[in-house]
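Contents: one structure, followed by commentary.
What follows draws every value from the coordinates through simple rules; no lab data is involved. Keep in mind that what you see is a predicted model, and the values were worked out from it rather than measured. Glycine also receives a Cβ, built like all others from the backbone with ideal geometry; neighbour counts cover every protein chain displayed.
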Amino acid sequence: MGYYAKVEDDIVTQVIVSDNTPEISGEWIETRKDGSIRGCYAGIDFHYDRVKDIFYPFSPYPSWTLNETGYYWEPPVAYPADGTHEKQYYWDEDTTAWVEVTE
């Protein structure tokens, strides 16, 4: 049993489970839930980099940049070092800063 991502214009539009490569129209690329191939398990709206043969998720915020070593998104400001069980933060895209949760 395998998982296959349908890719249109380098964006994943569908993911299915199949016994073999789907024989339906479109481009289908294998993906694995454990991320052992192509970087990570493909999801809807993920990008597919044809040169590196890797899937990566969409950006959570416009100001974040893609780490091209691990293929994850990084904020322009690191998460606060005191972010523990006592303090929690959320990202505010308008100010491009972490804001402490006070509720």
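Taking the fewest neighbouring Cβ atoms within 10 Å as the starting point, the ordered list for Ile24, Ile11 is Ile24, Ile11.
Just how many % of Cα pairs in the chain lie over 16 Å apart, if you round to the nearest whole percent? When every Cα pair of the chain is considered, 64 percent fall beyond 16 Å.
Counting beta carbons within 10 Å around each of Arg32, Arg38, Arg50 and listing the fewest first gives the order Arg50, Arg32, Arg38. Taking label points 7 Å from Cα along the Cα-to-Cβ direction, Ser25 and Asp45 give a separation of 2.6 nm.
With the convex hull drawn around the C-alpha atoms of region 64-103, the volume per residue stands at 82 Å³. Cβ crowding within 10 Å ranks Thr21, Thr13, Thr31 as Thr21, Thr13, Thr31, fewest other Cβ atoms first.
The charge dipole of the chain, taken about the Cα centre with unit charges on the Cβ atoms of Lys, Arg (+1) and Asp, Glu (-1), comes to about 380 debye, rounded to the nearest 20.
Residues of region 1-22 with an amide N closer than 19 Å to a point placed 7 Å from the Cα of Ser36 along the Cα-to-Cβ direction: 1-5, 16-21. Dipole check for region 64-103: with +1 at the C-beta of Lys and Arg, -1 at the C-beta of Asp and Glu, and the Cα centre as origin, the magnitude is about 140 Debye.
Find which of Tyr89, Ala42, Val77 sits farthest along the positive direction of the dipole of the chain, computed with +1 on the beta-carbon of Lys and Arg, -1 on that of Asp and Glu, about the Cα centre. Value: Ala42. Under a 5 Å amide H cut-off, with hydrogens placed 1.01 Å from N, Glu27 pairs with Val7 among residues at least 5 apart or on other chains. Once you sort the root eigenvalues of the Cα gyration tensor of region 2-58 as a ≥ b ≥ c, which label holds: rounded (a/c under 1.5), prolate (a/b larger than b/c) or oblate (the other case)? Because a/c hits 1.5 or more and a/b fails to exceed b/c, region 2-58 counts as oblate.
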